[in-house]
Each structure stands twice: as C-alpha cells, then as structure tokens.
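Asks: First, the structure itself, so that you have it in front of you.
Each reported figure results from applying straightforward, stated rules to the coordinates on display, with no laboratory input. As the structure is a prediction and not an experimental result, all values here were calculated from the model. Cβ: placed from backbone, ideal geometry, glycine included. Neighbour counts: every protein chain shown.
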Amino acid sequence: MGYDHRRNLDGNYFKIFKSTISNLSLDYYISRINFDNYFIYKLTGKQREVSKDDFLKFNYSGYIFFNKTIYDKKELQQSLEYLWSLGITIMYLDKPLPRLSDLKKIKVIDGKL
C-alpha cells in the first residue's frame, strides 16, 4: 500500500490519502510540501485540524491541505461546526466547504443539505 493525492501539491487545496494502487511513499510527499503554507485537516469522521506531526503519523485514511493565503481557519472551523449543529456530518471532506454565509442560505430537509 502507498499514498496518492488529488489536485496539485502546491495549489489552493489538495488531499493525500492511503491507496492500494499506488506505490508512492509518504516521504515523496513530505519532500514536496511546504507545511508552513497549509492548514491540515483529517478527511474522515469528525474533521478537525491536525498538526504536521499528526500528518506524519498518518493515523487516518487521508488529509486535506488548505492554502493559508486563500482559506481562513476560523471560517473553515465555523462552517464545520455549523453543519454539525444541524446534525449533518460529512463522511469524507473532499474539497473546501462553501463560505459560512452561503451555507446558512442552503435549505436543510430532514438533516440533509
């Protein structure tokens, strides 16, 4: 088993995840990422920000990186908390969430967007 990614490693956001069809090592990614430029969130379950050290342990199925110059950590967290307050969980955070102000405009029916 190796690791794979989606989107450019130096882009606005990208994800790295475990893959049974890839032979890329975690070291391949570590040498290509400037960790100071990104917020790192775990992809699954209850998403939360993790540290570089947490990422290096790779205890979860994957991680998503958000460019700090484009995304606001407080806004990311508020959007997740807003969804949780509605009883909505995201199984796999695959891309950035809409801005909180836009999320609040979406009609929720029976706990689903």
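Asks: Please compute the modelled spin-label separation between residue 74 and residue 52, points set 7 Å along Cα→Cβ, answer in nm with one decimal.
Replies: So the label points at residue 52 and residue 74 sit 2.5 nm apart.
Asks: Given an 8 Å cut-off on Cα distances and at least 6 residues of separation, report the relative contact order of the chain as a percent.
Replies: Once divided by the residue count of the chain, the mean separation gives 25 percent.
Asks: While we're looking at this one, here's another question. Hey, which of these cross-link pairs are over 26 Å Cα-Cα: 18/104; 73/104; 68/107?
Replies: From 18/104; 73/104; 68/107, over 26 Å: 18/104; 68/107.
Asks: Let me ask something else. Quick one: 44, 69, fewest Cβ neighbours within 10 Å first, how do they rank? Don't skip to the answer; put the middle values down first.
Replies: Numbers: 44 14, 69 8.
Fewest-to-most Cβ neighbours within 10 Å comes out as 69, 44.
Asks: To the nearest 10 degrees, how steeply does helix 73-85 sit against the main Cα axis of the chain, on a 0 to 90 scale?
Replies: Approximately 50 degrees, to the nearest 10.
Asks: With runs of 4+ DSSP H residues as the only contributors, calculate the mean residue ellipticity of the chain at 222 nm using -39,500 (n - 2.57) per run, divided by the residue total and rounded to the nearest 500.
Replies: -6000 deg cm²/dmol
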